[in-house]
Every structure is written in structure tokens, then in C-alpha cells.
Amino acid sequence: MRILSSLQQSALRVDTDDVLLASLIMLPQNDEWWKELVVWLEYPHTWSISAATSIAWVIIAYVFTIIDYFSQDVQSLNANGP
């Protein structure tokens, strides 16, 4: 179950031959392969340079938006009012 949930984002094709899938799961010779697959799939999620850069750009754009909002002329904000 842990392996299949880790493979949610991967293309997965299950061969529907008579006993191929069952033998892959049930044969004791494959136990070591399943254990190694679990280790490879449980990698820690780390920050990448591109992810950090994207977040930094969003924060910078947000800061500029806030600065622009507060630097507008008060009269232009109330232009439609009495």
C-alpha cells in the first residue's frame, strides 16, 4: 500500500497476464526488491533552487503590491465618493 500511494504521480501500467502480478507480489524471492523500492520511494522532500526562487518572486511581487497600494494618493482612492 505504501508503494502504490508513493507512485500516485507516476505513470503505472499493470500487466493483466494470468499470474504475473500475483507472482511479483507473492514470491519470497521478490521481498528484497520490494524493500529496496520502499527505500527509494521514501525520499525526503527538499527545497530546490527553483522552488525557493519562485517563492521569493511571489513574496517580492506581494510586497510591491502592498507598497503601491499605500503610496497611492488618498484623493484618487476617494474619486468616486462625495
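Across segment 22-27, rounded Karplus estimates of 3J(HN,Hα) from the backbone phi angles (6.51 cos²θ - 1.76 cosθ + 1.60, θ = phi - 60°) give 4, 5, 5, 7, 8, 5 Hz, Gly and Pro being marked x.
Label-to-label distance, W33 versus S54, with points set 7 angstrom from Cα along the beta-carbon direction: 3.4 nm. The string of couplings for segment 64-72 from the Karplus curve (6.51, -1.76, 1.60, θ = phi - 60°) is 4, 5, 5, 4, 4, 4, 7, 8, 5 Hz, one whole number per residue in order, with x for Gly and Pro. Extension gain, Y69 to T46: 0.36 nm times the residue separation minus the Cα-Cα distance gives 4.8 nm.
Only the coordinates and a few stated rules stand behind these numbers; no lab work does. As the structure is a computational prediction, the values presented were derived from the model and not from experiment. All Cβ positions, even for glycine, are placed from backbone atoms using ideal geometry, and neighbour counts span all protein chains on display.
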